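Note sheet for the following structure.
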Amino acid sequence: MKKIFFKLLAVGLLLAIAFACKKEPVQGIIIDGSLLISVGETVTLTPTFIPSNAHNKDVSWESRDSDIATVDKNGNVTGKYIGKTIIKVIAEDNGKTAQCAVTVIQPIEPEEMIWVS
């Protein structure tokens with residue numbers, strides 16, 4: 001009886017370890033849908049993976065128009081010129097993508113601000 005119990009326990013532990021170590025593929029990826037930044041400003045986009053325990057969370061980034069905004073390998077978006085563009089993130093695991101519409105505006109200088117009380 002003890003032998004059967006320990007065999008079942010060992011099998012259960014092996015199954016639990018195998019389940020915990022299962023490599024989940026990326027089924028989807030999400031980033032902010034829109035972003036408003038000033039020329040010269042840098043903002044970081046952070047992807048969210050579905051499922052959250054996806055195994056390979058490596059991504060690449062692309063800017064549709066790098067004259068308007070650039071994006072580096074870490075998702076840092078920098079406004080370069082006034083206009084609109086799209087930033088896209090691509091999951092390395094299976095090519096799932098997400099996009100963010102970026103609008104770059106002229107920075108507002110403090111002396112240009114109008115205070116209303």
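Filter segment 64-92 for residues that are among the aliphatic types (A, V, I, L, M) and assigned to a loop (DSSP other than H, G, I, E, B) and give the result. Ile68, Ile82, listed by residue number. Within segment 25-48, if we keep just the residues that are loosely packed, with under 14 Cβ neighbours inside 10 Å and in a loop (DSSP other than H, G, I, E, B), the residue that is farthest from the chain's Cα centre (by Cα) turns out to be Gly40. Pairs meeting the criteria (first residue in segment 22-40 and closer than 11 Å to His55 by Cβ, second residue among the aliphatic types (A, V, I, L, M) and assigned to a strand (DSSP E or B), beta carbons under 6 Å, at least 6 apart or on different chains) are Glu24/Ala54; Val26/Ala54; Val26/Ala91. Residues in segment 33-65 that are at pLDDT 95 or above and of a type in the set (S, T, N, Q) were compared, and the one that is nearest to Ala91 (Cα to Cα) is Ser60. Picking from Ile82, Ile105, Ile87, Ile68, which residue would you name as being within 16 Å of Ile37 (Cα to Cα), touching a Cys at 6+ places or on another chain (Cβ under 9 Å) and surrounded by 12 or more Cβ atoms within 10 Å (Cβ to Cβ)? After applying the criteria, what remains is Ile87.
The values are calculated or read from the model by the stated rules, or taken from the named source; none is laboratory data. Every value quoted in this text rests on a predicted model; they were computed, and no experiment measured them. In this analysis, Cβ positions are derived from the backbone assuming ideal geometry, glycine residues included, and neighbour counts consider all displayed protein chains.
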